[in-house]
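Worksheet: the structure to be examined is printed underneath.
The values are calculated or read from the model by the stated rules, or taken from the named source; none is laboratory data. Small disclaimer: the values here were computed from a predicted structure and weren't measured. Counting neighbours? That spans all protein chains shown, and the Cβs are built from the backbone with ideal geometry, glycine included.
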Amino acid sequence: MVMKSVHHDCIEEENKYRWLESEKAGYDLGEGCVKRWVKDHWMGYLRARWVEHLQGKCFWIELAGRDFGLLLREFQSQSELLDVILNQLKSGAENLDVLTWAIANNIPTGPVSEILEALDINSKRLAHRFDGSSPSTFAA
């Protein structure tokens, strides 16, 4: 099983972004560039790591251990619905967005709610080192 740290991996992503943006600008954009990455990309980056954790692809040590591989154990009979919901969540949708989508598409909200409750995205917030206002850890 692959085990990684969200924080360590994130630093690599920030450095790649800083290097690329600095190359475009012709000089080092510094910490301000990293803060811009955090503002623009942190939540999506974190959401994607969380989905990898749920899918059992990578064990991210900052995430709740009991959630690892949850999607391999649950919702086998609802894989198409689950995929659509996960794609929405990975692209930044929140629970209300997903429920609104289900209602607009005449999809029963019971199974959608069941999946959303199991995924529990609202407890899966992790603060970036530049952001002291968010919760600092995932729920265990």
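Considering only the stretch 1-8, I want to know if a residue exists there that is without any contact (Cβ under 8 Å) to a residue 24 or more places away in the chain and under 22 Å from residue 92 (Cβ atoms). There is no residue in the stretch 1-8 that is without any contact (Cβ under 8 Å) to a residue 24 or more places away in the chain and under 22 Å from residue 92 (Cβ atoms). The residue that is nearest to residue 7 (Cα to Cα), counting only those in the stretch 57-66 that are touching a helix residue (DSSP H, G or I) at 6+ places or on another chain (Cβ under 6 Å) and at pLDDT below 90, is 62.
Only one of the listed residues (57, 39) is closer than 26 Å to residue 18 by Cα and either within 11 Å of the chain's Cα centre (by Cα) or not polar (S, T, N, Q) (or both). That residue is 39.
Residue-wise test of (1) without any contact (Cβ under 8 Å) to a residue 60 or more places away in the chain; (2) touching a Phe, Trp or Tyr at 6+ places or on another chain (Cβ under 9 Å).
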{"position": "53", "(1), (2)": "yes, yes"}
{"position": "66", "(1), (2)": "no, no"}
{"position": "72", "(1), (2)": "yes, no"}
{"position": "79", "(1), (2)": "yes, no"}
{"position": "88", "(1), (2)": "yes, yes"}
{"position": "92", "(1), (2)": "yes, no"}
{"position": "101", "(1), (2)": "yes, no"}
{"position": "112", "(1), (2)": "yes, yes"}
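Only one of the listed residues (65, 26, 32) is at positive phi and of a type outside the set (Ser, Thr, Tyr). That residue is 26.
Condition test on residue 74, is it of a type in the set (D, E, K, R) and within 18 Å of residue 11 (Cα to Cα)? No.
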